Amino acid sequence: MRIGHGIVCAQRTQARKLVLGGVYLEPGFGLAIMNDGDLLLAAVGDALAGAAGLGNFVSLYDLTSPDFKHASTRSLLQMLATSLRSKGLRTVNLDISLCGRDLIFNAYRDDMQASIADALGIDATRINLKLSGALLLPARNDSDVLALATALLDDEH
């Protein structure tokens, strides 16, 4: 068994649409992180990469190169999942928390959970996604959104 965790925090921005867990939402702001701003999938990627001993999710891909510059976080996560399977690792489960002030994500929870499961090629019952409108940890300011993910991997035998 291998365990990893990911913690990603980003500020809101009006410069992009909000995408979380591979699902586009419409609350009027996005997040200033990675290519498409999906901090939820970035935290999942960090947790999986950490569990596999690969370091930081973002460091696995040169986001300035033409190959990855416009890649979605979801497509990068799919690449990571394929790589983990090729190394004989399977995702046992994910425990994920998403929190931010004045945010209501519960209407999108099932869609986000299904999207994450699809990207990883696992059953959605292996994912526990918790959503909160209040920050659980201190943040830089009220416009921050925080994602925390813990991944458990096992060797396929």
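Before we move on, is Val8 part of a strand (DSSP E or B), among the aliphatic types (A, V, I, L, M) and crowded, with 17+ Cβ neighbours inside 10 Å? Steps first, please.
On the way: part of a strand (DSSP E or B): yes; among the aliphatic types (A, V, I, L, M): yes; crowded, with 17+ Cβ neighbours inside 10 Å: yes.
So Val8 passes the test.
Looking at Ala15, is it free of Cβ contacts under 8 Å to residues at least 60 places away in the same chain and outside any loop (DSSP other than H, G, I, E, B)?
Details: free of Cβ contacts under 8 Å to residues at least 60 places away in the same chain: yes; outside any loop (DSSP other than H, G, I, E, B): no.
For Ala15, the condition - free of Cβ contacts under 8 Å to residues at least 60 places away in the same chain and outside any loop (DSSP other than H, G, I, E, B) - is not met.
Look through Asp102, Asp36, Asp62 and report the one residue that is out of contact with any Cys (no Cβ under 8 Å at 6 or more places or on another chain), over 21 Å from Leu146 (Cβ atoms), modelled with pLDDT under 85 and of a type in the set (D, E, K, R). Talk me through it step by step, then tell me what you get.
On the way: Asp102 fails: over 21 Å from Leu146 (Cβ atoms); Asp36 fails: over 21 Å from Leu146 (Cβ atoms).
On inspection, the qualifying residue turns out to be Asp62.
When only residues in region 16-52 that are farther than 17 Å from Leu76 by Cα and of a type in the set (A, V, I, L, M, F, W, C) count, which is surrounded by the most Cβ atoms within 10 Å (Cβ to Cβ)?
For region 16-52, the residue satisfying everything is Leu31.
Can you tell me which condition Thr13 does not meet? The list is (1) surrounded by 15 or more Cβ atoms within 10 Å (Cβ to Cβ); (2) closer than 22 Å to Ser132 by Cβ; (3) not acidic (Asp, Glu), and all the others hold.
(1)
A quick yes/no check of all residues on (1) farther than 24 Å from Cys9 by Cβ; (2) among the hydroxyl-bearing types (Ser, Thr, Tyr); (3) surrounded by 14 or more Cβ atoms within 10 Å (Cβ to Cβ):
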site: Arg85; (1), (2), (3): yes, no, yes
site: Arg90; (1), (2), (3): yes, no, yes
site: Leu94; (1), (2), (3): no, no, yes
site: Leu98; (1), (2), (3): no, no, yes
site: Arg101; (1), (2), (3): no, no, yes
site: Tyr108; (1), (2), (3): no, yes, yes
site: Gln113; (1), (2), (3): no, no, yes
site: Asp118; (1), (2), (3): yes, no, no
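The values are calculated or read from the model by the stated rules, or taken from the named source; none is laboratory data. For clarity, every value in this text was computed on a predicted model and none was experimentally measured. A quick note on method: Cβ atoms are made from the backbone with ideal geometry, for glycine too, and the neighbour counts reach across all protein chains shown.
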